[in-house]
Every structure is written in structure tokens, then in C-alpha cells.
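Reviewing the structure listed below.
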Ligand code: ADP
Ligand code: MG
């Protein structure tokens with residue numbers, strides 16, 4: 001593992017054996033509603049236990065990829081970021097709680113239905129010997145058991161703040177992971193003269209990006225609980241996400257990029273059929289990301305079928321259906337569709353029929369600064385986002401006519417987090 005010590009490597013492999021603990025949208029909202037310093041402390045402790053396990057599992061997986069993929073320079077680069085972040089977390093100093101406080105916390109947060117955890121936490125320094133109650137119940141139970149109001153010393157607030165800074169730093173370090181790993185896959189394809197990646201690599205990438213979303217949600221939530229104070233928000237989750245508004249925003253952004261890219265006076269029209277006051281619990285940025293990607297694809301297909309000089313284009317239609325279980329969003333275009341043989345390929349990473357865009361990790365810093373097309377990540381990543389909260393994304397195409405994309409979002413919001 002290059003510059004890292006064997007001791008660290010061993011620790012990572014040890015951590016990787018422990019199970020990950022999922023957190024649902026509803027749990028996060030329930031837990032973070034009143035983010036007192038005590039609540040934040042508990043969340044910090046949960047995250048400081050959970051993230052090293054998740055990072056370690058990714059390192060082990062990056063170490064053991066098929067066909068020498070693990071040796072590609074960009075893959076090694078990504079792995080080293082995971083190792084560094086793992087190190088940051090396990091070395092982060094724990095807060096010292098005065099003895100009388102420990103018992104107070106213990107009483108205040110005593111769970112009613114405590115269950116003994118079979119295994120201790122992998123990190124001996126996270127023994128919580130001072131707050132051993134954290135080990136008497138499964139992690140996800142701990143996570144949302146409110147702690148009540150206790151007066152905490154100022155050191156705790158400082159710990160919460162410093163830990164959030166450490167998390168922000170990790171999140172920033174991992175910003176270029178998607179583009180860098182994509183580069184690694186390119187290195188691999190060039191070496192093996194392959195145009196399409198195999199199913200083993202494909203499913204690794206699905207797991208990897210799914211896990212990345214989970215990690216970033218945990219970090220984003222922990223940071224936002226301390227910094228974001230907007231009505232209807234609990235951290236990064238909006239309890240009253242207005243689908244109509246997010247869709248309008250995605251329409252404006254996708255249309256703008258389309259006009260810019262093709263030099264159009266006006267992009268194809270997009271109509272939205274949705275109740276204006278429809279609200280549900282979601283992370284608005286995720287919703288925007290998925291709609292934006294679907295709309296760019298539909299706009300591109302439409303413009304390329306009729307040509308950039310066409311007088312008019314058939315409109316793209318967004319229809320929103322509200323069910324008991326799901327909210328389904330259909331994006332329909334008349335952009336000529338996709339052939340049945342090519343349809344499975346659209347879900348593979350790096351598959352694109354657009355001119356390939358140069359991969360510049362510095363350019364694609366955020367998850368949302370996306371090009372019109374050519375990266376081949378729009379659909380597979382959007383499907384990861386949808387599945388992350390229990391939804392799904394499907395494409396039905398009529399070759400020669402157009403494509404319908406169905407985005408299903410689970411409105412019950414208590415589906416278990418997928419933990420690859
Ligand atoms: P990109 O847009 O960067 O190519 P995507 O994952 O978004 O990557 O899409 C992959 C490919 O799927 C596109 O290049 C295109 O060939 C095809 N595709 C996606 N959506 C549509 C659509 N609505 N109509 C026709 N083809 C589509
Ligand atoms: Mg796309």
C-alpha cells in the first residue's frame with residue numbers, strides 16, 4: 001500500500017470485516033430534528049464508528065479488483081484517498097467526558113429495549129470506555145435514540161465542530177473520486193483494448209458508487225446538522241421537498257446547457273404535469289441530479305434527431321404520478337429511442353454515443369457540474385441515487401420513436417440503506 005504502514009493496512013483489513021450499519025431517511029430525520037450538542041455528540045460518535053468501517057471495506061475491494069484493475073494508477077490514487085480518510089478518522093481525538101457527566105448521559109439516553117451487541121467495535125481506541133452504553137445496543141438503534149437535555153461542557157461543542165471540519169475535509173478529498181476512477185477504468189480499457197467493461201467491473205462500480213453516496217450522505221448530514229438552519233430541513237434532508245420546484249429548476253438548467261452546447265436559440269420545450277403543492281421527504285440535490293440527467297438525455301436525443309437547425313421539436317413531457325408507495329416521474333421524449341440491443345449498455349459506466357468528454361478531475365469537482373453528455377455516467381449514477389433511497393430507474397424505448405424513463409421514488413422513506 002505504498003507509503004502507508006503495515007500496521008495501518010492490518011487495521012483496515014480488520015475494520016473491513018465488520019458489518020456496516022444502514023440509516024434510513026426517516027431515521028436521520030427523526031434523530032436530527034433538534035440537533036442539540038448532545039444529539040450532535042451522539043451522531044458524531046456514530047459517524048466516527050461507522051465511516052471507518054465503510055471506508056475500509058472499499059479499500060479492501062479496491063485492492064482486490066479483477067484483471068489487474070487494482071494496479072491502474074488512478075485506481076491506486078482513489079484507494080489512497082480512502083486510506084487517508086480512514087486514518088484521519090481513527091486518529092481523530094475523542095472528547096473527554098467528566099465522570100459525573102458520563103453517568104448523566106448514560107441515564108438520559110438509556111434505551112428502553114437494550115440489546116447486547118455481539119461484537120465489540122473494531123477500533124480498540126473507540127472503546128467508549130467512558131460511555132460504554134454505546135455498546136449495549138445495535139448501532140442503528142443508538143443512532144436515533146435521543147439523548148435528552150443535558151448540560152454539556154464547552155469541549156463537547158468544540159469536539160462536534162472540529163469533527164465536522166474533519167468530515168468536510170474528507171468529503172472534499174473525495175470530490176474527484178468519480179472522475180478519477182473513471183480515468184482508472186479508461187487506463188484499463190486502453191491496456192486491454194476493450195470498449196466495454198465486463199459485468200464484474202460493472203457490478204463493482206455499482207457497489208462502489210452506491211457506497212460513495214451513502215458515505216457522502218452521512219458526512220453531508222452530520223455537517224449540515226450543525227451549519228444549515230433552514231425551515232423544513234433536517235440537515236441535508238428536506239421534509240417537504242417540492243417536486244414541482246425541483247423539476248422546474250432541472251428543466252431550466254438542462255435547457256440552458258442544451259442551448260449552450262448546440263448553439264440553439266431555444267431548447268426543445270419541456271412540459272411538466274405535476275401538482276404544484278406535491279411534497280415529500282427527500283434530499284433535493286439528489287432529485288435534481290436525477291431529473292437533470294434524464295432531461296439532458298432527452299434533449300440531446302431530440303435535438304440530434306431533428307438537427308440543431310430544426311424549426312421546432314416535439315416537446316419532452318414530464319408526468320408525475322402519486323401513489324401510496326411511490327412517486328413516479330416519467331420523462332418522455334420523441335428523440336428516436338434506443339435500439340433493443342443497445343438498451344442494456346446504457347446502464348454500463350462509460351457507455352456513451354456522444355463524443356467522449358475529456359476526463360478532468362479538477363473540472364468535475366461537484367456532483368452537479370455535468371457536461372451535456374459524453375461521460376456515460378448519467379444513467380448508471382442516477383439509478384444509484386434512485387436505488388439508494390429504495391427507488392429505481394427504468395428505461396423503455398421505442399426504437400424509431402422515443403424513450404420513456406421511469407423514475408420511481410419511494411415515498412415511505414424508511415427503506416433500509418443498501419450497503420454494498
Ligand atoms: P451520456 O449522456 O454521457 O452519454 P448517459 O448514461 O446519460 O451518458 O447515457 C448513455 C447513452 O444512452 C447515451 O449516450 C445515449 O446513447 C443513450 N440514451 C440515454 N437516454 C436516451 C434517450 N432519452 N434517447 C435516446 N438515447 C438515450
Ligand atoms: Mg446523459
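Quick notes
- Annotation: peptides 81-93, 251-263, ranked by per-residue average of other Cβ atoms within 10 Å with the highest first, follow the order 81-93, 251-263.
- Label positions at residue 394 and residue 228, each projected 7 Å from the Cα along the C-beta direction, are separated by 3.1 nm.
- A straight chain from residue 353 to residue 276 at 0.36 nm per residue would run longer than the Cα-Cα distance by 24.2 nm.
- Spacing of the modelled spin labels on residue 342 and residue 168, each 7 Å from Cα toward Cβ, amounts to 4.5 nm.
- From most to least packed by mean Cβ count within 10 Å, the peptides 175-186, 46-57, 265-276, 27-38 give 46-57, 175-186, 27-38, 265-276.
- Modelled FRET efficiency - R0 22 Å, residue 416 with residue 239, Cβ distances, 0.05 increments: 0.65
- Spin-label zone in region 256-281 - amide nitrogen under 16 Å from a point set 7 Å from the Cα of residue 309 along the C-beta vector: 262-265
- Taking 12 Å as the cut-off, the amide N atoms of region 160-201 that come nearer than this to a point 7 Å along the Cα-to-beta-carbon line of residue 68 belong to 188-193.
- Hypothetical label at residue 325: residues of region 399-413 whose amide nitrogen lies under 17 Å (7 Å Cα-Cβ projection): 406-413
- Straightening the chain between residue 186 and residue 266 buys 25.3 nm, computed as 0.36 nm per residue apart minus the Cα-Cα spacing.
- Relative to one another, the C-alpha centroids of region 181-206 and region 310-353 are positioned 25 Å apart.
- Euclidean distance of C-alpha centroids, region 265-298 and region 22-62, integer Å: 29 Å
- Between residue 76 and residue 7, the simple spin-label model (points 7 angstrom out along Cα→Cβ) gives 2.4 nm.
- Region 237-410: mean projected area of Cα convex hull, nm²: 9.9 nm²
- Protection proxy ranking, highest mean first, for peptides 164-170, 219-225: 219-225, 164-170, where packing is the per-residue count of other beta-carbon atoms within 10 Å, averaged.
- Segment residue 99-residue 249, extension gain: residue separation times 0.36 nm, minus the distance between their alpha carbons: 48.8 nm
Throughout, read-outs are computed from the coordinates displayed, never taken from laboratory work. As the structure is a computational prediction, the values presented were derived from the model and not from experiment. We place every Cβ from the backbone using ideal geometry, glycine too, and count neighbours over all the protein chains shown.
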